[in-house]
Amino acid sequence: MLSVDENEMLTKVDAGTPVGELMRRYWHPVATSQEIKENPVKAVRLLGESLTLFQDRQGRLGLIDQRCAHRRVDLKYGIPENEGLRCPYHGWLYDRTGQCLEQPAETEKTTFKNTVKLKAYSVQELGGLVWAYIGPQPAPLLPRWDLFVLDGVFRQIGTTLLPCNWLQCQENAVDTVHTSYAHGLFGLYAIERRGITDPRKIKSFQRISRPHKEIAFDYVPFGIQKRRLIVGEPEDNERWRTGHPMVFPNYVRIGQTGYAEFQIRVPIDNTHTWHLGYQVFFPGPDVDVPKQDPVPAYEVPIQDLPDFVLGQDLLCWVAQGEILDRSKERLGESDRGLVMFRNMLKEQIKIVQEGGDPMNTFRDPAKNERIDVSMEDRGGVDAYEKGGVRYMNQGTYSTVLDQLDDLMTKGAEAARRARQ
Ligand code: FES
Ligand SMILES: [Fe+2]
């Protein structure tokens, strides 16, 4: 349980708030590359700020204020040009630094335009996502986490706009026991209500519903590693030996055989979160993976009776209310991961307030070539390098099933040949 003030401190993300300032030390995804390819201008909200993302006709990305300085027209209606974005109303043109370059209706000699500059932020593309940094300069490096930069893998990105605060989504990353209930018991109930009788689905949710015998949380360099021992499983298994991490401040890394995923919870404002499931499949080293340009993106719906794991998580977070009132919660012993995470947040807020760089900000390019995250080897980079493992679950709303199936079959065949 937190006090009302503490809850406010850990949830609010506007500029000047403790978490708002902490979050402004990180790069955040603001669009998929697919979105920008389909439409070169996008209205963006990040940490309570409204902005306009655009790609000029030279292919360069810019992130500037939402509204034109002249008569405040929303620039999401702007026209991309060679040098920047032109307001549709009276044609003022802005470049990627927010500088006004042209005011066509003003007399030729005027220097008025030189005095007009919108705010503008750094933006970069990596791994099929467009990333923004809206904090103080100098910006840290855009982290090259393994899943964003590995070659020879197949990717897709599932996104959902959630009507709730970021923290309840991220706290799920250190809530180990919910799996038996949200994904087991509730999963079984959801398919019963929907009349789904697929025995594989029933078996899979029955399997997930097995209770936990033990849970453990460890501080690791990137965040908190959580481990679980399920009733009936031997102690000598990877989920108990290694586990998988909550990557500070707003990622979790999960995986299954031949597949790994970052779930990223981007705080849009105090009551909205953009959830990204960044899914990576490892067909194996001997399989030619076609170039994906852009990485396909799809929308994951929020459902009342979700028959897929992520849908059950999304629903539970939204069901906690716009901003979960932690002054009224009743934590038990199995919630100790939450306490660790909240303490970590407070520690990292203090580091920022004292002028330091918080956890997972990187400034040395040599250490940022590829940042590997260690986890249960079935879903980690180990699996990628060994190759040929078969994926288990590609996500109900996947866009790439057929292509993926073909690749994974080829990977499994190649692995079988290598073993003979
Ligand atoms: S409102 Fe944008 S140019 Fe006038
Ligand atoms: Fe979950």
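Out of the trypsin sites (Lys or Arg not before Pro) in region 344-376, which ones are loop residues according to DSSP with at most 11 other C-beta atoms within 10 Å? Filter output for region 344-376: Arg363.
Applying both filters, DSSP loop and at most 14 other Cβ atoms within 10 Å, to the trypsin sites (Lys or Arg not before Pro) of region 266-340 gives Lys291, Lys328, Arg330. Taking the longest Cα principal axis of the chain as reference, the axis of helix 199-208 is set at about 90 degrees.
Normalising the average separation of contacting C-alpha pairs (under 8 angstrom, six or more residues apart) by the number of residues puts the relative contact order of the chain at 20 percent. Put simply, the amide H of Ala297, placed in the peptide plane, has neighbours under 5 Å in Ile157, leaving out anything fewer than 5 places away on its chain.
Taking label points 7 Å from Cα along the Cα-to-Cβ direction, Leu185 and Ile351 give a separation of 3.7 nm.
Of the GluC sites (Glu not before Pro) in region 209-298, the ones in a loop by DSSP (not H, G, I, E or B) with at most 16 other beta carbons within 10 Å are Glu235. Residues considered: Pro211, Pro249, Pro199. Largest GNM mean-square fluctuation over the chain, using C-alpha springs under 10 Å, is found at Pro199.
Charge dipole (Cα centre; +1 on Lys/Arg Cβ, -1 on Asp/Glu Cβ; no other charges) of region 30-133 amounts to roughly 220 debye.
Reported to the nearest whole Å, the Cα centre-to-centre distance from region 146-172 to region 122-142 is 16. Electrostatic tally near Arg45: other residues with Cβ closer than 12 Å to its Cβ, Lys and Arg +1, Asp and Glu -1, net -1. Pairs of Cα atoms in the chain fall into 10 Å distance bins, from 0 up to the last occupied one, in shares of 4, 20, 30, 26, 13, 5, 2, 0, 0 percent.
Computed packing ranks the peptides 215-224, 403-412 as 403-412, 215-224, most packed first, by mean other Cβ atoms within 10 Å.
Database remark: amide H of Lys119 closer than 5 angstrom to the amide H of Asp65 (H placed geometrically; neighbours at sequence offset of 5 or more, or on other chains; Pro and chain starts carry no H). Backbone amide hydrogens, once placed in the peptide plane, bring Arg144 within less than 5 Å of Ile371, excluding anything fewer than 5 places away on its chain. With a Cα cut-off of under 19 Å and a minimum spacing of 8 residues unless on different chains, the lysine pairs in region 30-133 number 6. Around the Cα centre of region 146-419, unit charges on the Cβ atoms of Lys, Arg, Asp and Glu (plus for the first two, minus for the last two) sum to a dipole of about 580 debye. You can think of it this way: the chain between Gln124 and Thr257 has 44.8 nm of extra reach, that is 0.36 nm per residue less the Cα-Cα gap. Partner aspartates and glutamates whose Cα lies under 20 Å from the Cα of Lys328, excluding those fewer than 8 positions away in the same chain, are identified as Asp5, Glu6, Glu8, Glu171, Asp175.
With a Förster radius of 41 Å applied to the C-beta separation of Tyr89 and Arg194, the computed FRET efficiency comes to 0.25. The 3J(HN,Hα) values that the Karplus relation (6.51, -1.76, 1.60; θ = phi - 60°) gives for region 410-420 are, in residue order, 4, x, 5, 5, 4, 5, 5, 4, 5, 6, 6 Hz. Gly and Pro appear as x.
Most fluctuating residue of Gly187, Gly20, Gly232 in a GNM of the chain with Cα springs under 10 Å: which is it? Maximum among the listed residues: Gly232.
Distance from the C-alpha centroid of region 326-362 to that of region 203-236: 22 Å, rounded to the whole angstrom.
Readers should treat all values here as calculations from the given coordinates under stated rules, not as data from a laboratory. Worth saying up front: this structure is predicted, and the values here are computed from it rather than measured. Counting neighbours? That spans all protein chains shown, and the Cβs are built from the backbone with ideal geometry, glycine included.
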